[in-house]
Amino acid sequence: MYDRILVTGGAGFVGSILAMALQAAHPASSVTALDNLRRRGSELNLDRLRHAGVRFAHGDVRYREDLDALPEPSELILECSAESSVLAGYGGSPEYLIDSNLTGCFHCLEYARRVKADFIFFSTSRVYPYALLNELAYVEDETRFSLRREQTLRGASELGVSEDFPLEGPRSLYGMTKLAGELMLQEYADAYGVRGIVNRCGLLTGPWQMGKTDQGVIALWMLAHYFGKPLRYIGFEGSGKQVRDFLHIDDLVDLLEEQISHFDRYAGKCFNVGGGKACSLSLRETTELCRTISGRSISITASTDDRPVDVRIYISDHRRISSLCGWKPKRAAQQTLTDIFNWIHNEQRRLEPILAMLG
């Protein structure tokens, strides 16, 4: 096991949970979480990180000196830092998005090169072009859009989108930065021998995610039901039938442990990491589950206006990683949403002011 692990974006939803899980599983290791605390709600994780024994470093991957200032060289870097909103840059400047996701990734890779650290890059399913995804053959069911068995595009099937799906075409400014990060890692592996793994994550969710309309929609839906806030079905004629697969954060923890324990098996490879068809929900289906679990109905209106880069259906075909190690998601929709509900109930007093600021 690695003695010294650095988690960038380590006070965010994904980074904090991965950091705490690794520290708990490997108490002899030193895990450091680096974060600029820009995202509201991340400050709530500082006490949790400290109690878990994770060191916290207040720093920003946009500034190389913040990585250089770390007290000891890392042996493994989990690159979780990112401006993760798919709408980032639309209607305004993409400067922070580019600085954080591209310049930040470069600085992390430079640090890995200098200290000879292994590297796990948390990418996104948003690297796949949205126009091609919206060309997938589908049928409209009562509660969702579903992929047809026969598809014409390479890498597409009724099980979803595989790593072989075409990459030509716009994907979103956010998706562009993450694909560029993947390519940077490939070049650093070739030029400098940096060993790396790319995980293209689908919709990650679970307790401690501060959900918003542009990221963390599963958590947002339960938060809205719990606090009685209105929601909207946006785009696709306001049907609420658009579908995403989701992955409980604890299922990602399970995979990460496997990848770290057998790094050579996964180095140099790229994997779709998502819930797959078995763990997929439409917004309508998410609404019904939230109503059942929370015991509360809320106002949900419909908007026919499509947002930039919206996708009708995205489901991760995770057979590449599953065939390699047998990993597959264990936590289905009922458990996932119940876990989120219980978290909100237990942390209600601390969450209310943060959520009011998130809007």
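Please treat every number below as a calculation from the coordinates, not as lab data. In this text, all values refer to a predicted model and were calculated from it rather than measured experimentally. Cβ coordinates were reconstructed from backbone atoms using ideal geometry, including for glycine residues, and neighbour counts include every protein chain displayed.
Data table
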| read-out | value |
| --- | --- |
| Charge dipole magnitude, Cβ of K and R +1, D and E -1 - the chain, Cα centre, debye nearest 20 | 620 |
| Solvent-free Debye scattering, log10 I(q)/I(0), computed from the Cα coordinates of the stretch 1-145 at q = 0.14, 0.17, 0.18 Å⁻¹ | -0.69, -0.92, -1.00 |
| Least to most buried among T205, T103, T287 (fewest other Cβ within 10 Å first) | T103, T287, T205 |
| Among L337, Y188, C270 - extreme Cα towards positive end, dipole of the chain, charges at beta-carbon | L337 |
| Excluding exposed DSSP-loop GluC sites (Glu not before Pro) (at most 11 other C-beta within 10 Å), longest clean stretch of the chain | 169-359 |
| Distance (nanometres) between label positions extended 7 Å along Cα→Cβ at A189 and H262 | 1.7 |
| Acute angle (nearest 10 degrees) that the helix 283-294 long axis makes with the longest principal axis of the chain, alpha-carbon atoms | 80 |
| With eigenvalues of the C-alpha gyration tensor scaled by 5 and rooted, the stretch 201-246, Å | 18, 15, 7 |
| Principal axes of the stretch 13-67: Cα extent on each, largest first, Å | 30, 24, 16 |
| Volume per residue that the Cα convex hull of the stretch 179-318 spans, once the total is divided by residue count, Å³ | 119 |
| Distance violations [Cα-Cα > 20 Å] among K229/K277; K178/K269; K212/K277; K229/K330 | K229/K277; K212/K277; K229/K330 |
| Mean projected area (nm²) of the alpha-carbon convex hull when the stretch 259-309 is viewed from all directions | 7.1 |
| Distance from the stretch 119-168 to the stretch 287-358 (C-alpha centre basis), Å | 20 |
| Karplus-derived 3J(HN,Hα), 6.51/-1.76/1.60, for each residue of the stretch 305-316, Hz, glycine and proline x | 6, 7, 8, x, 6, 5, 10, 5, 9, 9, 10, 7 |
| Residue-averaged 222 nm ellipticity for the chain, from DSSP H runs of 4+ at -39500 (n - 2.57), nearest 500 | -11000 deg cm²/dmol |
| E65-A25 pseudo-label distance in nm [points 7 Å out on the Cα-to-Cβ vector] | 3.7 |
| Ascending count of other beta-carbon atoms within 10 Å, so fewest first, for H225, H107 | H107, H225 |
| For Y233, residues with placed amide H under 5 Å, excluding near neighbours | T301, A302, S303 |
| Largest-first principal axis extents, alpha carbons of the chain, Å | 55, 50, 42 |
| Cross-link reach list, aspartates and glutamates versus K241, counting only Cα pairs under 18 Å and skipping chain neighbours closer than eight places | E135, E140, D141, E142, E158, D214, E285, E288, D305, D306, D310 |
| Helix 104-115 axis, angle to the chain major axis (alpha carbon atoms, nearest 10°) | 30 |
| Pair L159, R349: separation of 7 Å Cα→Cβ label points (nm) | 4.9 |
